[in-house]
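Step one of this worksheet: look at the structure below.
The values are calculated or read from the model by the stated rules, or taken from the named source; none is laboratory data. This is a predicted model, so every value here is computed, not measured. Positions of Cβ are generated from backbone atoms using ideal geometry, with glycine treated the same way; all protein chains shown enter the neighbour counts. Surface areas here come from the heavy atoms of the whole protein model, side chains and all, with no ligands, DNA or RNA. Shrake-Rupley method; radii C 1.70, N 1.55, O 1.52, S 1.80 Å.
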Amino acid sequence: ATLASSAVTVWHALYHVARIKAGDIVLSLGTGGVSTWGTQLARAAGARVVVTSSSDDKLERMRALGADAGVNYRMTPEWGKAVLDATGGRGVDIVLENVGRATLDQSMNACAENATIVLIGTGPLPKELPRMPGVYQKNLTLKAISNGSRRMLEELLQAIAVNKLEGVIEQEFAFADAVEAYRFMRDGSRLGKVLIRHRAA
């Protein structure tokens with residue numbers, strides 16, 4: 001389930017849109033399925049990774065997963081500049097932007113020149129446009145995607161096998177406990193995915 005949703009979406013973003021290469025710096029927002037897969041797949045490509053979260057504990061867990069740096073956006077509202085500082089002023093080459101309009105300006109602030117921001121389809125497209133100077137001054141590319149193709153999934157599976165990667169699953173619930181699973185997700189304490197398992201009788 002994690003491969004056919006978050007993982008293949010990240011593969012689409014990193015390898016087909018942004019054309020990730022060794023030495024790139026990737027910014028991944030949050031600590032859910034996209035970010036945990038983003039961290040692992042970016043590291044497998046030889047890239048560095050910066051993540052954001054409202055929890056220092058989750059930032060530490062992301063570092064254990066392979067992230068090079070983390071920024072607490074709750075403690076640092078202007079986190080785009082903090083990401084710049086974490087990269088020595090260089091900025092990031094790729095942003096996995098899985099939140100939307102609320103974070104887009106800060107994502108652009110964190111970018112290096114000629115960076116690619118991949119808008120991952122977690123909701124409706126922004127009604128308000130981003131600040132255009134940020135796009136023009138840095139010559140940024142913004143590309144919206146949602147999931148990926150069967151061919152991308154096949155490529156992903158090969159990469160997972162070669163690099164021995166595994167999806168991060170915070171907790172698994174029985175189908176009868178689905179309501180509790182949604183409450184657990186709502187609380188925001190998870191890292192990676194929450195699964196609801198349906199077993200045939």
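Below are the figures for this structure:
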quantity	calculated
Residue match in the stretch 157-168 (condition: closer than 20 Å to S53 by Cα and either of a type outside the set (D, E, K, R) or in a strand (DSSP E or B) (or both))	yes
Residue under evaluation I117, criteria (1) in a loop (DSSP other than H, G, I, E, B); (2) closer than 18 Å to G38 by Cα, criterion not met	(1)
Single residue of V99, V95, V10 found to be touching a residue at least 60 places away in the same chain (Cβ under 8 Å), open to solvent by 40 Å² or more (accessible area, probe 1.4 Å) and within 10 Å of the chain's Cα centre (by Cα)	V99
Residue among G46, G38 that is touching a residue at least 24 places away in the same chain (Cβ under 8 Å), open to solvent by 20 Å² or more (accessible area, probe 1.4 Å) and either small (G, A, S) or assigned to a loop (DSSP other than H, G, I, E, B) (or both)	G46
Out of T103, T76, T122, sole residue that is over 14 Å from R48 (Cα atoms) and at pLDDT 95 or above	T76
Criterion violated by P133 - all others in (1) over 18 Å from R43 (Cβ atoms); (2) open to solvent by less than 90 Å² (accessible area, probe 1.4 Å); (3) at pLDDT 90 or above satisfied	(3)
Qualifying residues in the stretch 13-35 (those that are small (G, A, S) and touching a residue at least 40 places away in the same chain (Cβ under 8 Å)) - the one farthest from E170 (Cα to Cα)	A18
Scan of the stretch 13-33 for residues that are farther than 20 Å from E154 by Cβ and either open to solvent by less than 20 Å² (accessible area, probe 1.4 Å) or of a type outside the set (D, E, K, R) (or both), ordered by number	A22, G23, D24, I25, V26, L27, S28, L29, G30, T31, G32
Residue list for the stretch 53-81, restricted to those being surrounded by 24 or more Cβ atoms within 10 Å (Cβ to Cβ) and in contact (Cβ under 8 Å) with a residue 40 or more places away in the chain	M62
Selection status of K127, surrounded by fewer than 18 Cβ atoms within 10 Å (Cβ to Cβ), among the basic types (K, R), modelled with pLDDT under 95 and not in a strand (DSSP E or B)	yes
Lone unmet requirement of (1) more than 20 Å from L14 (Cα to Cα); (2) modelled with pLDDT under 90 for A174	(2)
Scan of the stretch 187-201 for residues that are without any contact (Cβ under 8 Å) to a residue 60 or more places away in the chain, within 19 Å of S5 (Cα to Cα) and not in a loop (DSSP other than H, G, I, E, B), ordered by number	V194, I196, R197
The one condition in (1) within 17 Å of the chain's Cα centre (by Cα); (2) surrounded by 13 or more Cβ atoms within 10 Å (Cβ to Cβ) that K138 fails to fulfil	(1)
